[in-house]
Number of protein chains: 2
Amino acid sequence: MLERIRIVLIGTSHPGNIGGVARAMHNMGLTDLALVAPRCDAITADSISRASGADSLVHGAHISASLEEAVSDCSLVVGASARSRTLPWPMMTPREVGSRLPTELQHQASRVALVFGREDSGLSNAELQRCHAHVHIPTNPDFSSLNLAAAVQVLAYECRLSWLEQQDQLEQQNRLEQQAQAPDTTEEQQPLATHEELEHYFAHLERTLIAIGFHDPATPRQLMARLRRVTLRSRPERMELNILRGILSATEKAAGQVAMGQRTSDDIPPNSDA
Amino acid sequence: MLERIRIVLIGTSHPGNIGGVARAMHNMGLTDLALVAPRCDAITADSISRASGADSLVHGAHISASLEEAVSDCSLVVGASARSRTLPWPMMTPREVGSRLPTELQHQASRVALVFGREDSGLSNAELQRCHAHVHIPTNPDFSSLNLAAAVQVLAYECRLSWLEQQDQLEQQNRLEQQAQAPDTTEEQQPLATHEELEHYFAHLERTLIAIGFHDPATPRQLMARLRRVTLRSRPERMELNILRGILSATEKAAGQVAMGQRTSDDIPPNSDA
């Protein structure tokens, strides 16, 4: 699907922006770049540097003289535009463009074009009227002019999200079909602690808090309830619970040694040379 | 809401990227830019040119020496990361980050940080482990390194979409309330612990674990990372964190008394077989 989405740049004047667009496209898995009447060389040190490894897209860009020529094989043409125009046109959000792509591109021969205008003046009215719909990236009204590569980045990102969602759906469909035929294999994941393990932990915790003098069951002040809540909220894995119990044992040992240490004056404790 | 989302750039080395980030932020209505240990000057001809009118953000950027300092007042810290890391961490999509913001930022004092790493090497593991969650922008696996300003653009775009949706909902709610003419009472909620409070807790935890002989910094075995993960997952409230710190102090006291108890007998250090 992604290889049949064409990014069309009209009248670009900065080579760096062409490189930046190529990088944004390649990052999102798009490959088809078309330049209409560029006002600068496409292949310069600056464009290749900004492409940062996506220079194959710059080298492979198709250059044409007119928008008509660049989008002649496309069944849907969407132009990037500011919101208000004299003649109202069907408007889409970037997300709506993304979600429409799987249907638009279900036939192998179909192509979609996303058209971006000049850095200084955008698309002309004549160009906008050659589009099926306009897409507006929501921006701060006080500072609405996006960098060209940034605008392509946002649209390309929405294209990729839509494609990933489609892949997920296909995978799920396949899995359901396979499950109907074969027995399932369980996913590998760290097992969560069971209810019983958690209860053992809380009992151990309470004993330890009593041993270190932090908790008095006679005046509980909701202490154990609060500790239960914060612990349960994190859904501990079994392995994590084992670490926490290890800490409790080490604490008990320390507290136990205190008790014995206090006894030292009269009795003879273990590990003492006395 | 948008003014309380901080974009944090760590170790940026190209001034142009700082300018590009400022432009992307301002386009989406974000204003709070923080630079941690930048490896270049923030204010250069290149950064101002790429900011393209958003230079007030570059001039107003807060520069600090450490990530801790930059995010100390933030209750949610999300680090931009590639997908796979040795220790799995809660992962969010950019869309999930956006949709979580209205809840995270409902208190006027709360702040959220989105943290971006170096152009060449991203965020270090230590930096990633200081984040509550990681966000991964879905990219072409064969060409996954986004330009820094492009990555900020995508996240800032999701922030704006979420804010716009919230504005829509508020408007709708206001309309409904005006119709019903009944003042509602909002539910009171406990404030979450800030990043700084959490870091103090983790430092206290580590000291205590050393004191009770459970942790040896020389052979850390990812212990602190695992404890960070399970703790951060529960998003502790400030009050809950106070309880946990109380437990640590009581434990330290117990362990300290051991040391003292043993010292009274024979000057034997804790955990010694002598």
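The values are calculated or read from the model by the stated rules, or taken from the named source; none is laboratory data. Treat the numbers as computed from the prediction; the structure is a model and nothing was measured. Here the Cβ is made from the backbone with ideal geometry for all residues, glycine too, and neighbour counts use every protein chain on show. Please note that ligands, DNA and RNA were not included when accessible areas were found on the heavy atoms of the full protein model with its side chains. Shrake-Rupley method; radii C 1.70, N 1.55, O 1.52, S 1.80 Å.
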Of all beta bridges DSSP finds with both residues in chain B, what is the antiparallel percent, to the nearest 5? 10
Scan around A:LEU123 for amide H atoms under 5 Å from its own, H built in the peptide plane at 1.01 Å from N, and keep only partners 5 or more places away or cross-chain. A:GLY117, A:ARG118
Pairing the Cα long axis of helix A:238-263 with the longest principal axis of chain A, what angle in degrees results, from 0 to 90 and rounded to the nearest 10? 30
Ascending list, in nanometres, of distances separating the A:THR44 label from those of the other copies (7 Å, Cα toward Cβ): 1.9
Under a 1.4 Å probe, what is the accessible area of the protein assembly as shown per residue, stated in Å²? 49
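How big is the charge dipole of chain A about its Cα centre, in debye rounded to the nearest 20, if each Lys and Arg gets +1 on its Cβ and each Asp and Glu gets -1 on its Cβ? Before the final figure, lay out the partial values.
On the way: 25 positive and 33 negative charges, 152 e Å.
The dipole magnitude comes to about 740 debye.
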Lys/Arg +1, Asp/Glu -1 at C-beta; chain B dipole; positive extreme among B:ALA156, B:HIS215, B:ALA65: B:HIS215
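Quick one: dipole size for region B:1-81, taken about the Cα centre, charges +1 on Lys/Arg Cβ and -1 on Asp/Glu Cβ, in debye to the nearest 20. Display every interim value, and only then the final one.
Numbers: 5 positive and 8 negative charges, 44 e Å.
The calculation lands at about 220 debye.
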Put a point 7 Å out from Cα along the line to Cβ at A:GLU96; what are the distances to that point in the other copies, in nm, shortest first? 2.9
Which far-off residues, 5 or more places away or on another chain, put their amide H under 5 Å from the one on A:ILE137, with H placed in the peptide plane? A:SER81
Using a 10 Å cut-off on Cβ to Cβ distances, tally the other chain neighbours for every residue of A:213-221 and report the average as a whole number. 2
With x for Gly and Pro, the residue-by-residue ³J(HN,Hα) of region A:125-139, computed from phi through the Karplus equation 6.51 cos²θ - 1.76 cosθ + 1.60 at θ = phi - 60° and given in whole Hz, is 4, 4, 5, 4, 6, 8, 9, 5, 8, 10, 10, 10, 7, x, 9
Copies of B:LEU164 compared via label points 7 Å along Cα→Cβ give distances in nm, shortest first, of 2.0
Give a residue-ordered list of calculated ³J(HN,Hα) values for region A:140-146 (Karplus: 6.51 cos²θ - 1.76 cosθ + 1.60, θ = phi - 60°; whole Hz; x for Gly, Pro). 4, x, 7, 7, 9, 7, 7
Net charge contributed by nearby residues that have their C-beta within less than 10 Å of A:GLY19 (K/R +1, D/E -1): 0
Inter-chain shielding of B:134-147 (mean C-beta neighbours from other protein chains, 10 Å cut-off): 5
Per residue of chain B, what 222 nm ellipticity follows from adding -39500 (n - 2.57) for every DSSP H run with n ≥ 4, rounded to the nearest 500? -16000 deg cm²/dmol
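Calculate the mean, over all residues of peptide B:247-253, of how many other protein chain Cβ atoms lie within 10 angstrom of the residue's Cβ. Present the calculation step by step, with values, prior to reporting the outcome.
Details: counts 9, 3, 2, 9, 12, 2, 6.
That works out to 6 on average.
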With a 1.4 Å probe on protein heavy atoms only, work out how much accessible surface B and A bury together, total over both chains, in Å² to the nearest 100. 5000
Residues of region B:14-36 buried by at least 40 Å² on assembly (accessible area, 1.4 Å probe, chain alone as reference): B:ARG23, B:HIS26, B:ASN27
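What is chain B by shape, rounded, prolate or oblate, if you read a ≥ b ≥ c off the alpha carbon gyration tensor as root eigenvalues and call it rounded for a/c under 1.5, prolate for a/b larger than b/c, and oblate otherwise? Don't skip to the answer; put the middle values down first.
Working: a/c = 2.44, a/b = 1.49, b/c = 1.64.
It is oblate, given that a/c is not under 1.5 and a/b is not larger than b/c.
Report, in debye and to the nearest 20, how large the dipole of the protein assembly as shown comes out about its Cα centre when Lys and Arg carry +1 and Asp and Glu carry -1 on their Cβ.
On the way: 50 positive and 66 negative charges, 56 e Å.
Here the protein assembly as shown has a charge dipole of around 260 debye.
In chain B, what percent of the accessible surface is made up of carbon and sulfur (1.4 Å probe, ligands and nucleic acids excluded)? Please list the in-between numbers first.
Numbers: 6280 of 12590 Å².
Ligands and nucleic acids excluded, carbon and sulfur give 50 percent.
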Residue-ordered couplings for region B:158-164, obtained by feeding phi - 60° into the Karplus form 6.51 cos²θ - 1.76 cosθ + 1.60 and rounding to whole Hz (Gly and Pro as x), are 5, 4, 5, 4, 5, 5, 4
Counting C-alpha atoms alone, how compact is region B:14-63: give Rg to one decimal and Dmax as a whole number, in angstrom. 9.3, 26
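For chain B, which longest stretch is free of loop sites, where a loop site is one of the GluC sites (Glu not before Pro) that DSSP puts outside H, G, I, E and B and that has at most 11 other Cβ atoms within 10 Å? Don't jump to the answer; show the numbers that get you there.
On the way: sites that count: B:GLU187, B:GLU188.
Counting only loop sites that pass the neighbour cut-off, the longest clear stretch is B:1-186.
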